[in-house]
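What follows is a single structure, written as structure tokens, with notes after it.
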Amino acid sequence: MSVLEATDSITIGDLNFVLRWSDRRKTVGITVDRDGKLVLTAPSDCPLELVERIAEEKRFWVYTKLAEKELLFRPELSLSKEFVTGESFYYLGRNYRLLIVSPSNQPDLRLQQGRFMLRSDIHHCAQHHFTQWYTQHAEPWLQRRVGLFADRLEVTPMRIQVRELGFRWGSCSSGGTLNFHWRTILLPPRIIEYIVAHELVHIHEPWHSPAFWRRLERAMPDFAQRRQWLAENGCRF
Amino acid sequence: MPRPEALPYARDAKILGYINKVAANLYRDSQLNLVGAGQKVRQLIDEYIVASGIDPKVPPISIMDTDFEAAVSARASARAKASEMEHAARYHISKRFQEDPAYYKKLSERLEEILERFQDNWAELVNALRQFVHEVREGRPSDQTGLDPRTQAPFLGILVEELGKAETASPISLDALIPLTVELVEHIRQEIRTVDFWRNTHAQNVLTGWIVRFLDDHDAVPFNRQQAVSDRLVELAKALHTRLLA
């Protein structure tokens, strides 16, 4: 963590940067945040004119990054869900409508006759129940896909875990445990397959080296299209 | 040219630049360069390097070059000769690896073994490496299988590698693999002839599926390895595309 002295902002052209001064930094850096916010970090002893000149020089790069962000990050698509009858929820790439049903001895939440049925008496913690339902259904599904790809990718099956992973779809620990975000089960099956294959290849190749992509391409020749789809549409889920 | 305060360091900069260039040439590592140096300093160093008899624009000599022997002999010590041959061979193997994984893997293992065996014995190491380099230059020799070493033998190589990996006694003999390889390569040739084959995922999946069934029908590879081996064979076909269709 760098020591922040003061924070203010500067405007260059039509770009607005949050300016952070730091005692520890040796160089000026520009970051385009996940939500498109621009952050300029500079060493404390750097004159303001120099910072401005560097930002000016890097304007083209910033615009390219922002254009990319605009394509990939669309928060309006991932509006938070309301748990009322008729709201739609994803499962394996398809939409299912929610139906609030009166309390009974049925399970809290179930997918039946093309509808998610949520009992009205547990309505107050619906998000929790959905997360739990997705996690439960993701585990066997992912386990089966891991099994299908394990031989093909020459890895021995290991433990998988479905949990909250923040901004990542999946991860692979050095011990060979595969972690998947519970949200992966919302995606269409062929995209989930890409995430599974991607994490399995990480057991051979820890980094995204050329060898990593070569190995992935060997088993999944169209991985690039699936990856692109995920980058462009992943935020919808 | 540099400012007077920098003059005392000019000589060191030149020597550093020279060592850098020689090391980059020896290790075939383009990452070894002085990008950090300013334009004037780089020009100064480049002039010095040219004056020392190395042209920065000419890439290091390849093992396939007819003058390779002469270039090695020009090195003063046995150690330098061995090092030149070692790194030229390493580079050659890593460049061509995709074209015939089984053969180049064996070469790479042989090279490591030679280096291990003649550790510190430079004169003998030079002799062993000369012999090795000669073999590398010849390429995969045509053997008693009668297969074309440039197109068919690499596929057989992968299948034979699998034969060695199998834990249980394999039901298929080496001799039986030869006609299978011929048939396999012939089929692959016909399939990849399709326009834009390598951009057509479906066609590639069909080919992989065909190979899996082919290997299964002839018991060439144990069941749980068939998919992985097929993927490797298709990958090899991609690397050899132009050669197969020539």
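Considering helices alone, the calculated mean residue ellipticity of chain A at 222 nm is -11500 deg cm²/dmol, with DSSP H runs of length four and up weighted by -39500 (n - 2.57) and normalised per residue.
If you take all other residues with their beta carbon under 15 Å from the beta carbon of A:GLU217, and give Lys and Arg +1 and Asp and Glu -1, the sum is +3. If the label point is 7 Å along Cα→Cβ of A:SER174, which residues in region A:184-226 have backbone nitrogen under 13 Å from it? Counting backbone N atoms under 13 Å from the label point, the list is A:206-207. Shape index of region B:68-138: Rg/Rh, with Rg the Cα radius of gyration and Rh the Kirkwood radius from the inverse mean 1/r over Cα pairs, equals 0.97. Determine which lysines satisfy two conditions relative to B:LYS105: a Cα distance under 27 Å, and not lying fewer than 8 residues away in the same chain. In chain and number order, the partners are B:LYS81, B:LYS95, B:LYS165, B:LYS238.
Region B:171-246: which GluC sites (Glu not before Pro) are DSSP loop and have at most 16 other beta-carbon atoms within 10 angstrom? Intermediate results must be reported in sequence, preceding the final value.
Values: sites: B:GLU183, B:GLU186, B:GLU191, B:GLU235; in loops: none.
Hits after loop and neighbour filter: nothing returned.
Site pair A:GLN112 and B:ILE19 shows an inter-label distance of 7.8 nm when each label is modelled 7 Å from Cα along Cα→Cβ.
A Förster radius of 25 Å combined with the Cβ-Cβ distance from B:VAL50 to B:GLU5 puts the calculated FRET efficiency at roughly 0.45. Sites listed here are chymotrypsin sites (Phe, Trp or Tyr not before Pro) in region A:68-167 whose DSSP assignment is loop and whose Cβ has at most 13 other Cβ atoms within 10 Å: A:PHE167. Computed from the Cβ-Cβ distance with R0 of 35 Å, the FRET efficiency linking B:ARG150 to B:ASP120 stands at 0.40. Positive end of the dipole of chain B (Cβ unit charges, origin at the Cα centre): among B:VAL72, B:ILE15, B:ALA246, the Cα lying farthest that way belongs to B:ILE15.
For the protein assembly as shown, the share of DSSP beta bridges that are antiparallel, to the nearest 5, is 60%.
The residues A:HIS204, B:HIS92, when put in order of fewest to most other Cβ atoms within 10 Å, stand as A:HIS204, B:HIS92. The alpha-carbon of A:LYS37 sits under 22 angstrom from the alpha-carbons of these lysines, leaving out residues fewer than 8 places away in its chain: A:LYS58, A:LYS65, A:LYS69.
With a cut-off of 12 Å on the backbone N, the residues of region A:215-229 near the modelled label site 7 Å out from A:LEU71 along Cα-Cβ are A:228-229.
Let me know the volume per residue of the alpha-carbon convex hull for chain A, in Å³. Don't jump to the answer; show the numbers that get you there.
Details: hull volume 42.3 nm³, N = 237.
Taking only Cα atoms, chain A has a hull volume of 178 Å³ per residue.
Counting only DSSP beta bridges whose two residues both lie in region A:43-130, roughly 60 percent are antiparallel.
The label-point distance for B:LYS40 and B:GLN98, in a model that sets each label 7 Å from Cα toward Cβ, rounds to 4.4 nm.
Of all aspartates and glutamates in the structure, those lying under 16 Å Cα to Cα from B:LYS57, and not within fewer than 8 positions of it along the same chain, are B:ASP29, B:ASP46, B:GLU47. DSSP beta bridges confined to chain A are antiparallel in about 60 percent of cases. Label sites at A:SER104 and B:TYR91, each approximated as a point 7 angstrom past Cα along Cα to Cβ, lie 7.6 nm apart.
To the nearest 0.05, what FRET efficiency results for A:GLN161 and B:GLU112 with a Förster distance of 30 Å applied to their C-beta separation? Can you show the working numbers first?
Values: r = 39 Å, r/R0 = 1.29.
Rounded to the nearest 0.05, the efficiency is 0.20.
Just so you know, all these numbers are worked out from the coordinates, no wet-lab data involved. Only a predicted model underlies this, so the values are computations on that prediction, with no experimental measurement involved. As a convention, Cβ positions derive from the backbone with ideal geometry for all residues, glycine included, and neighbour counts pool all protein chains shown.
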